[in-house]
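Below: one structure, written as structure tokens.
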Amino acid sequence: MTVTFRHPYTFSNESNFTNHQSDSIDPLWLSRHEDHFLGANGTKISWISLTAPHHDNAIIVVNGRAESYWKYQELFYDLSQQGYDIYALDHRGQGVSERLVLDSELGHIDHFDHYVDDLNTFIENIVLPHKYQHHFMLAHSMGGAIATLYLSEHPEVIDRAVLSAPMHGIHLNPWMKPWAFPLAIVTDYVLPTPTYAPGQMPYINKPFQDNKLTHSPIRYQWFRRLYEEKPELKLGGPSSRWVWQAINASERCLKQAANITVPILLLQGSSDSIVDNHAHTLFVEDMRKHGHQCEFKIIQHAKHELLFEQDNYRTEALKAIFDFFDNAPKTVSAS
């Protein structure tokens, strides 16, 4: 069973999720090309591509913290069905890329800009040598912050970008906001080795009832099962250094919004409790104030993971994404 729009847009859905996974998604996933490159400081960064000879547009998918391209198999299928080649990487310290500390479940980063540098290396050396009419970007959460900084520094590479619940700010309890940044810095500098930020811990297979990510039981259970079957994907809480580096990067996203000339679509779930939704408003306002195109779509009642949500929310997000990419000028020459 599928969900179809007039274009037509045809997406997978929850009612036939298991059969669709085995009949259609798995065969596409098995056709992937998988490799690695050396990122900043020689770190091994894994990546995949899913391509077809008749596709003339590419989407670079930039995933979020604690994620992997292994988790995005259903989305990749939907993107491919709409005629796009797909390129995706796993960020350093997570997924199947090289981990940065002895505790493989600790989410750590030395410098947030290393994520941005890795993305630039990936695009320059692996994506751009393939000629396409358009190069698009679809980035989620932490990947949205990485993409934002990349786009502010490399304005002529990507034709259009969609930011799904981007980490332009981290959702914190009001009493914690003044303390999070200085506490993370002090903890990072006082302790001799990277350790979990206060209140954080190794990977936990949280039950669906307690999750802040999605309303979809079947999609949530699928990715949790994937992490049990492929335990090298597991990542727990962030280190203190990751926390203050991420807060700093989020603030830079807002400061550098004016530098982004690429047309942007920002998608927000109104019930998101992972990122700071107010920061999205500030980002959009600043881009528009400087005369740059930034569309803003709020998906009412959706949680953080718009690309893994219940069909009604996910379908709304996907339709907006494809409409946005479809409206890119057709006269753009291949890069």
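The values are calculated or read from the model by the stated rules, or taken from the named source; none is laboratory data. What you see is a predicted model, and the numbers here were worked out from it, not measured in a lab. Note that we place each Cβ from the backbone using ideal geometry, even for glycine, and neighbour counts take in every protein chain shown. With ligands, DNA and RNA removed, areas are computed over all heavy atoms of the protein, side chains included. Shrake-Rupley method; radii C 1.70, N 1.55, O 1.52, S 1.80 Å.
Do any trypsin sites (Lys or Arg not before Pro) in segment 246-335 lie in a DSSP loop with no more than 11 other beta carbon atoms within 10 Å, and if so, which?
Qualifying residues, ordered by number: 330.
Give, as a single signed number, the net charge of other residues whose beta carbon lies under 15 Å from the beta carbon of residue 193, with Lys and Arg counted +1 and Asp and Glu -1.
My count for the surroundings of residue 193 gives -2.
Out of residues 5 or more away from residue 39 or on other chains, whose amide H comes under 5 Å of its own, with H placed 1.01 Å from N in the peptide plane?
Under 5 Å from the amide H of residue 39 lie the amide H atoms of 44, 45, each far enough along the sequence or on another chain.
In whole Å, largest first, what are the principal axis extents of the Cα atoms in segment 125-243?
Taking the Cα atoms of segment 125-243, the three principal extents are 47, 37, 29 Å.
Would you work out if segment 98-172 is rounded, prolate or oblate? Take a ≥ b ≥ c from the square roots of the eigenvalues of the alpha-carbon gyration tensor; rounded if a/c is under 1.5, else prolate when a/b is larger than b/c, oblate otherwise.
oblate
Which aspartates and glutamates have a Cα lying under 13 Å from the Cα of residue 131, excluding residues fewer than 8 positions away in the same chain?
List returned: 56, 85.
Quick one: which residues, 5 or more positions from residue 62 or on another chain, have an amide H under 5 Å from its amide H? H modelled 1.01 Å from N in the peptide plane, none for Pro or chain starts.
For residue 62, the qualifying residues are 138, 139, 140.
On a C-alpha basis, how far is the centre of segment 213-284 from the centre of segment 285-335 in Å? Whole number, if you could?
Here the two parts' Cα centres lie 16 Å apart.
What is the list of residues in segment 63-107 whose amide nitrogen lies under 15 Å from a point 7 angstrom out from the Cα of residue 41, following Cα to Cβ?
91-94, 98-104, 106-107
Per residue of segment 195-203, in order, report the coupling 6.51 cos²θ - 1.76 cosθ + 1.60 (Karplus, θ = phi - 60°) as ³J(HN,Hα) in whole Hz, putting x for Gly and Pro.
9, 4, 4, x, x, 9, 7, x, 3
Considering only DSSP states other than H, G, I, E and B, which trypsin sites (Lys or Arg not before Pro) in segment 2-72 qualify as loop sites with at most 13 other Cβ atoms within 10 Å?
Filter output for segment 2-72: 6.
For the chain, with the dipole built from +1 on Lys and Arg beta-carbon atoms and -1 on Asp and Glu ones, taken about the Cα centre, which of 328, 39, 140 lies farthest toward the positive end?
140
Name the long-range amide H neighbours of residue 97: under 5 Å, sequence gap of 5 or more, or other chain; modelled H, no Pro or chain starts.
Close amide H contacts, sequence-distant or interchain: 46.
What does the charge dipole of segment 114-187 about its Cα centre add up to, to the nearest 20 debye, if the Cβ of each Lys and Arg holds +1 and the Cβ of each Asp and Glu holds -1?
So the magnitude is around 280 debye.
If eta is 1.567 mPa s and T is 4 °C, what Stokes-Einstein diffusion coefficient results for segment 160-305, Kirkwood Rh from Cα pairs, in µm²/s?
After rounding, the answer is 76 µm²/s.
Could you tell me the largest-minus-smallest coordinate of the C-alpha atoms of segment 274-316 on each of the three principal axes, in descending order and whole angstroms?
Answer, in whole Å and largest first: 35, 20, 14 Å.
Quick one: dipole size for segment 186-335, taken about the Cα centre, charges +1 on Lys/Arg Cβ and -1 on Asp/Glu Cβ, in debye to the nearest 20.
140 debye
Over the chain, average the accessible area per residue using a 1.4 Å probe and give it in Å², no decimals.
Roughly 42 Å² per residue, with all protein chains present.
Within 15 Å, Cβ to Cβ, of residue 228, how many net charges do the neighbouring residues add up to if Lys/Arg are +1 and Asp/Glu are -1?
Every neighbour counted, the sum reads +3.
³J(HN,Hα) across segment 300-306 via Karplus (A = 6.51, B = -1.76, C = 1.60, θ = phi - 60°), whole Hz, x for Gly/Pro?
Rounded to whole hertz, the list is 4, 6, 6, 8, 5, 8, 4.
Heavy-atom accessible area of residue 222 with all protein chains present, probe 1.4 Å, nearest 10 Å²?
Near enough 40 Å² of accessible area.
Output wanted: per-residue J couplings in Hz (rounded whole) for segment 242-257, from phi through Karplus 6.51 cos²θ - 1.76 cosθ + 1.60, θ = phi - 60°, x for Gly and Pro.
Per-residue couplings from phi come out as 4, 4, 6, 5, 5, 4, 4, 5, 4, 5, 5, 4, 5, 5, 9, 4 Hz.
About its Cα centre, what dipole magnitude does the chain give when the only charges are +1 on Lys and Arg Cβ and -1 on Asp and Glu Cβ, stated in debye to the nearest 20?
Rounded to the nearest 20 debye, it is 500 debye.
Convert 25 °C to kelvin, take the viscosity as 0.890 mPa s, use the Kirkwood radius over C-alpha pairs of segment 1-127 as Rh, and evaluate the Stokes-Einstein diffusion coefficient in µm²/s, rounded to a whole number.
Stokes-Einstein gives a translational diffusion coefficient of 155 µm²/s.
Using a Förster distance of 35 angstrom, determine the FRET efficiency expected from the C-beta separation of residue 301 and residue 201, and round it to 0.05.
0.75
Over the chain, what is the relative contact order in whole percent, taking alpha-carbon pairs under 8 Å and six or more residues apart?
Across the chain, relative contact order equals 19 percent.
Remind me, relative contact order of segment 64-150 in percent, using alpha carbon pairs under 8 angstrom and six or more residues apart?
Value for segment 64-150: 32 percent.
Can you check what the net charge comes to around residue 262, using other residues whose Cβ is under 10 Å from the Cβ of residue 262 (Lys, Arg +1; Asp, Glu -1)?
-1
Name all residues of segment 60-94 having a backbone nitrogen under 15 Å from the label point set 7 Å from the Cα of residue 225 along its Cα→Cβ direction, giving them as ranges.
71, 73-74
Taking 10 °C and 1.306 mPa s as the conditions, I'd like the Stokes-Einstein D for segment 221-265 in µm²/s, using the Kirkwood hydrodynamic radius from alpha carbon pairs.
116 µm²/s
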